Amino acid sequence: MAVTSYSSRRGVAVLAGLLLLSLGSVATSQFEEQAEQFFRSGHTNNWAVLVCTSRFWFNYRHVANTLSVYRSVKRLGIPDSHIVLMLADDMACNPRNPKPATVFSHKNMELNVYGDDVEVDYRSYEVTVENFLRVLTGRIPPSTPRSKRLLSDDRSNILIYMTGHGGNGFLKFQDSEEITNIELADAFEQMWQKRRYNELLFIIDTCQGASMYERFYSPNIMALASSQVGEDSLSHQPDPAIGVHLMDRYTFYVLEFLEEINPASQTNMNDLFQVCPKSLCVSTPGHRTDLFQRDPKNVLITDFFGSVRKVEITTETISLQPDLGVLESRDKEDWMDEELIESLKYAEQLPVAQIIHQKPKLKDWHPPGGFILGLWALIIMVFFKTYGIKHMKFIF
């Protein structure tokens, strides 16, 4: 009986061990699958090249377009060190700007896309076709500072956004020169041959924008445009106070879409394709995915608009409890004072999604010139007509 009981207990222990082993292997496989899913894009870093090619005050909207995308990629995690920002004109400091050091993308004037820490890498007459192509291909003089370089590699996902005035197969730079779709396609091919990107997302907001990606032939490129060949890309948000439109329609709705995205979002590129139907954009947005190896529904928005998070996988338990001794030694009153006086961060401003449907603010009413003087004259005339001059002695 003792031998039978011992053998039965031993059998139960073996079965329990096998069960735990199988459960452990299942958990390990699930963990590995989740890790593989997390890194499925194959990239280890993100870069963004944002280009506004238009000068002059009436092109205010093109600067606002670029700064809006700049704000979104920074909010989602791409640092300034990985963003090359090219602005052909400085609308924030333009003498016609009624609110200096600001650029707004909505007529409510709630969201300043210029922010308080914008780093413009190429400005004014530095924004040329030559400099743009040199940034992409890496053919830059050794004296060029790091902030003006695209230091990408074969594990980099790159977002390239361009806006300005264009036509069938070209995009103008400052009304003095233009880049063609062939030159752009050849630049991307050089980038691929020199192993300067893993995947590339190209977005352009201009008239006949789809013509700019027709000649692409390099692998792993996904392209979006605000209009088809033969169509104009229309402006949006007119502001009579400054006499210009604040944004273009396509970028406006893309920005509204990006405001709902967070770094952990699972929204994919197919959702981005649908953000601006013809009923909203008036033009017909287009996209091209035949050169891209992955299915767009498996490509997260954050694969291009966000930044890779550095993750260290460990099996050990890590305590996240704060050190009470350190907290007690900290001067809490000073810390509270610093929190109170800390200025609002660039990415913490009111999101567009919260203000997009608000009514414009009512302007403060001021009486026209001479109104107060005329009102007093009317009161005096009524007084004299009612009481006459003989009653003046009771007043004075």
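Could you rank LEU67, LEU291 by how accessible they are, 1.4 Å probe, largest area first? Before the final figure, lay out each step's value.
Details: LEU67 0, LEU291 35 Å².
So, going from the largest accessible area down, we get LEU291, LEU67.
Based on the Cβ-Cβ distance of LEU280 and ASP153, what FRET efficiency does E = 1/(1 + (r/R0)^6) give at R0 = 25 Å, to the nearest 0.05? Show your work: numbers first, answer last.
Working: r = 38 Å, r/R0 = 1.51.
Given R0 = 25 Å and the Cβ-Cβ separation, E is 0.10.
Can you list which of the trypsin sites (Lys or Arg not before Pro) found in segment 250-312 are DSSP loop residues with at most 14 other C-beta atoms within 10 Å? List each step's numbers first, then the result.
Working: sites: LYS278, ARG288, ARG294, LYS297, ARG309, LYS310; in loops: ARG294, ARG309, LYS310.
Hits after loop and neighbour filter: ARG309, LYS310.
So which of LYS148/LYS172; LYS74/LYS99; LYS99/LYS278; LYS107/LYS148; LYS172/LYS297; LYS172/LYS278 end up more than 30 Å apart, counting from Cα to Cα?
Values: LYS148/LYS172 21 Å; LYS74/LYS99 24 Å; LYS99/LYS278 33 Å; LYS107/LYS148 32 Å; LYS172/LYS297 33 Å; LYS172/LYS278 25 Å.
In this structure, LYS99/LYS278; LYS107/LYS148; LYS172/LYS297 exceed 30 Å between Cα atoms.
If you stretched the chain out fully between ASN94 and GLN293, how much longer would it get, using 0.36 nm times the residue separation minus the C-alpha to C-alpha distance? Let's see the in-between values first.
Details: separation 199, 0.36 × 199 = 71.64 nm, distance 4.43 nm.
Gain on extension, ASN94 to GLN293, equals 67.2 nm.
Report the percentage of all Cα-Cα pairs in segment 172-265 whose separation exceeds 15 Å, rounded to a whole percent.
Working: 3069 of 4371 pairs.
Value for segment 172-265 (Cα pairs over 15 Å): 70 percent.
The values are calculated or read from the model by the stated rules, or taken from the named source; none is laboratory data. None of the values given here were measured: they were computed from a predicted structure. Every residue, glycine as well, gets a Cβ built from its backbone with ideal geometry; the counts of neighbours run over all protein chains shown. Only protein heavy atoms, including side chains, enter the accessible area calculation; ligands, DNA and RNA are left aside. Shrake-Rupley method; radii C 1.70, N 1.55, O 1.52, S 1.80 Å.
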